[in-house]
Amino acid sequence: MKSKIVENQDGTMRALSNRHVQMIAIGGTIGTGLFLGAGSTISKTGPSVMLVYLVLGLFFFFMMRAIGEMFYSDPSQHTFVSFISRYLGPTAGHFTGWTYWIGLIFVCMAELTATATYVQYWFPNVPSWLVELLFLGILAGVNLIAARLFGEAEFWFAMIKIVAIIAMIVTGIFMMSSHAVTPLGHATLTNVFHHFTLFPHGIFNFVAAFPMVFFAFQGIEFVSITIGEAKSPHMIIKKAVNETLIRILLFYIGALIVIMGIIPWTSLSADSSPFVQVFKLAGFPAAAALINFVVLTSAASALNSCIFSAGRHFYQLATEVPETSWMHKHFAKISKNGVPAAAIIFSAALVLVTPLMSLTTAITSVFTIVTGVSSDMYIIVYTLAMVAHRKYRASQDFLPDGFVMPWYRVTSPLTILFFGVIFISLFFVPEDVIGAVGAIIWTVVFGGLEYFRQRKMVPADMN
């Protein structure tokens, strides 16, 4: 018997089931970075890359527990940014909301560009703009029809990634247990720690791996944005968040062990997907085409989630401005389908700028810089979420018997400190310096303007 879909007070529907949300959580944890970028990270750091993934995975788990605790206390919210507004004030809330939404638009643009690149692997003569329009149109349509359809699409997108990873892990275990002979030697678990040193290419490359892996995990918080439209939010929050660390250990650490067990890390190519290299050594000639299909679905999944999230965040921003404003009148409303349709259409329309980027290299260069800035801004957004959680703990909303963050007194300040260290590490990686400086400028300028705007509003509200 199907459970009845409950309508929220604002008109949205609690249509996402447990299986939808759990797969969205898995999809958010596993990005294209694992399929394509892991080879580069391993070649720089060797087996110690597992330590990098483990440390970052642990702190992302603590962040998710903090966000999950706030959602558990009030699962009616559509985005964790609403808690920043509530506990840190409207200035911090508006700054974070706009920053996060703009960042999402650029992530959407990047993923849309990626889909065209992957499709052109098979159809090199099809123009990029046509592929981009097609994918954007289909996925925006999926988001406009119903939240449940979005959840169904994410379920199958995530399933493809999971099958690919499990297939590689199973293949690797079989090859290592049978000591299969490859052109690079024997496949064995001892390959993982053969010639092991903590900093094989210097401590700089080890430190530089942290921001690389951080950005691979970016988007892990997407699952929290589904809570406001989930059928059984309290149960789903606990399950989705608690399994974050298990997923990282299984899908990332497990995959890395298999990759380095089959291909000695000193022989791994940094320029091609380690998944392709493993499957080719296993005698699967169509490996490149298979992994290209997987990363295409991964990019489409990320784009689908971005459209969903961007629509909810812009809707949230529209609800927080005065009711007489143009933005509130047009975007603070829910369609008959139970989705913030106007906010989704507006967000998707901005992503239409993507096809224009192929016109000149100058536009592409600017896009690369802005994407770097917006990615670095996520570190600041995550930090503000952690600070909001500390304020929540000191408020009357705190539920001591709720879904509390483990070892809060130690893990909360350590997570905030760690995010600060990650941001500082950007200045030691030449390609990340511009983005880090841009993030600081954005925070000072936009944050300052937002502060003075809110100060002007206070006297008017008090009269």
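Restricting attention to region 125-141, the residues being surrounded by fewer than 16 Cβ atoms within 10 Å (Cβ to Cβ), hydrophobic (A, V, I, L, M, F, W, C) and in a helix (DSSP H, G or I) number 3.
So that you can scan it fast, the table gives a plain yes or no per residue for (1) in a loop (DSSP other than H, G, I, E, B); (2) among the acidic types (Asp, Glu); (3) under 21 Å from Thr99 (Cβ atoms):
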{"position": "Val387", "(1), (2), (3)": "no, no, yes"}
{"position": "Arg390", "(1), (2), (3)": "no, no, yes"}
{"position": "Leu399", "(1), (2), (3)": "yes, no, no"}
{"position": "Thr411", "(1), (2), (3)": "no, no, no"}
{"position": "Phe419", "(1), (2), (3)": "no, no, yes"}
{"position": "Ser425", "(1), (2), (3)": "no, no, yes"}
{"position": "Ile434", "(1), (2), (3)": "no, no, yes"}
{"position": "Val437", "(1), (2), (3)": "no, no, yes"}
{"position": "Gly448", "(1), (2), (3)": "no, no, yes"}
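The listed residues are Ala270, Ala310, and the only one of them that is assigned to a helix (DSSP H, G or I) and of a type in the set (A, V, I, L, M) turns out to be Ala310. Pairs are defined by a Cβ separation below 6 Å, a sequence spacing of at least 6 or placement on different chains, a first member in region 300-326 that is free of Cβ contacts under 8 Å to residues at least 60 places away in the same chain, and a second member that is surrounded by fewer than 24 Cβ atoms within 10 Å (Cβ to Cβ) and in a helix (DSSP H, G or I); the pairs so defined are Ala318/Met327; Ala318/His328; Val321/Met327; Val321/His328.
Ile307 passes every criterion in (1) within 30 Å of Lys280 (Cα to Cα); (2) surrounded by 17 or more Cβ atoms within 10 Å (Cβ to Cβ); (3) modelled with pLDDT of 90 or more apart from (1). I'd like to know if region 79-94 contains one or more residues that are surrounded by 24 or more Cβ atoms within 10 Å (Cβ to Cβ), touching a helix residue (DSSP H, G or I) at 6+ places or on another chain (Cβ under 7 Å) and not in a helix (DSSP H, G or I). Yes: region 79-94 contains one or more residues that are surrounded by 24 or more Cβ atoms within 10 Å (Cβ to Cβ), touching a helix residue (DSSP H, G or I) at 6+ places or on another chain (Cβ under 7 Å) and not in a helix (DSSP H, G or I). Inspection of region 178-199 identifies at least one residue that is closer than 26 Å to Val55 by Cα, hydroxyl-bearing (Ser, Thr, Tyr), at pLDDT 85 or above and assigned to a helix (DSSP H, G or I).
Can we say Val321 is buried (at least 22 other Cβ atoms within 10 Å of the Cβ), at negative phi and either in a loop (DSSP other than H, G, I, E, B) or modelled with pLDDT of 90 or more (or both)? Full working, then the answer.
Numbers: buried (at least 22 other Cβ atoms within 10 Å of the Cβ): no; at negative phi: yes; either in a loop (DSSP other than H, G, I, E, B) or modelled with pLDDT of 90 or more (or both): yes.
No, not satisfied.
Consider Met64 carefully, then state whether it is under 26 Å from Phe251 (Cα atoms), out of contact with any strand residue (DSSP E or B) (no Cβ under 6 Å at 6 or more places or on another chain) and surrounded by 23 or more Cβ atoms within 10 Å (Cβ to Cβ). It is true that Met64 is under 26 Å from Phe251 (Cα atoms), out of contact with any strand residue (DSSP E or B) (no Cβ under 6 Å at 6 or more places or on another chain) and surrounded by 23 or more Cβ atoms within 10 Å (Cβ to Cβ).
The values are calculated or read from the model by the stated rules, or taken from the named source; none is laboratory data. Note that the structure is a prediction, hence the values are computed from the model and not measured. Positions of Cβ are backbone-derived with ideal geometry, glycine not excepted, and every protein chain shown enters the neighbour counts.
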